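I have a structure I would like to understand better, so I am pasting it below and will then ask my questions one at a time.
The values are calculated or read from the model by the stated rules, or taken from the named source; none is laboratory data. These numbers were taken from a predicted model, which means no experiment stands behind them. All Cβ positions, glycine included, derive from the backbone under ideal geometry; neighbour counts span all protein chains shown.
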Amino acid sequence: MKDYSLKINGHSYKVQIDDTNETPTVTHVIVNGVDYEVEIEGTKSTSVSKPQVAPAPTSGGSVTPAKAVAVPQQSAPASGYSVKSPLPGTILDVKVAAGTTVTRGQTLVVIEAMKMENSIDADRNGVVKQVCVQQGATVMEGDTLLVIE
């Protein structure tokens, strides 16, 4: 088992991952003391060769640096009040859509965590401006679920 400290969206997580076998499709993971069985999608057992390094030119040739490639950033949640996940889990149901008027106490999202269903309710009146999750998605503590204006 290997131990990792991950920082996701500004939140620190202690993660332990079991060594995977030759065909790594399922492994055991512990995140902040919670056990998960994780299926690794799209993996194949392949051998990886080390890249070969070409020798540096010895003559007076010039070297041109490579151009930087822009990495797309994940879009930030819209402005407004962000409803965040209070715990890691799986989204079982999203009860509202963008444009829905919500009232204080109305259930917005249902999350399964440790075999229990947890309702995330609105703590204010408003209109849902953006829904950031969908049914079946896995969320971590502090992830934005939706934005209320």
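Being over 30 Å from Asn32 (Cα atoms) and within 23 Å of the chain's Cα centre (by Cα) is the requirement here; does Val102 meet it?
On the way: over 30 Å from Asn32 (Cα atoms): yes; within 23 Å of the chain's Cα centre (by Cα): no.
For Val102, the condition - over 30 Å from Asn32 (Cα atoms) and within 23 Å of the chain's Cα centre (by Cα) - is not met.
Limited to the range 108-149, what total is found for residues that are within 23 Å of the chain's Cα centre (by Cα) and surrounded by 13 or more Cβ atoms within 10 Å (Cβ to Cβ)? Spell out how you get there, then give the answer.
Start the filter on the range 108-149 by keeping residues that are within 23 Å of the chain's Cα centre (by Cα), which leaves 108-122, 128-148.
Next, only the ones that are surrounded by 13 or more Cβ atoms within 10 Å (Cβ to Cβ) stay: 108-113, 118-122, 128-133, 137-148.
Count: 29.
Let me spell it out: the conditions are (1) at pLDDT 70 or above; (2) surrounded by 10 or more Cβ atoms within 10 Å (Cβ to Cβ), and Thr20 meets all of them except one. Which number is the exception?
(1) is the only condition that Thr20 fails.
A further question on this structure: Taking only pairs six or more apart or across chains, which ones have beta-carbon atoms under 6 Å, a first residue in the range 97-118 that is more than 18 Å from Asp143 (Cβ to Cβ) and assigned by TED's automatic domain parsing to the domain that holds Met140, and a second residue that is among the polar types (S, T, N, Q) and in a loop (DSSP other than H, G, I, E, B)?
Partner pairs satisfying both residue conditions: Thr103/Asn125; Arg104/Asn125.
Going through Val147, Val110, Val133 one at a time, which residue ends up being part of a loop (DSSP other than H, G, I, E, B) and either closer than 26 Å to Lys7 by Cα or touching a His at 6+ places or on another chain (Cβ under 7 Å) (or both)?
Val133
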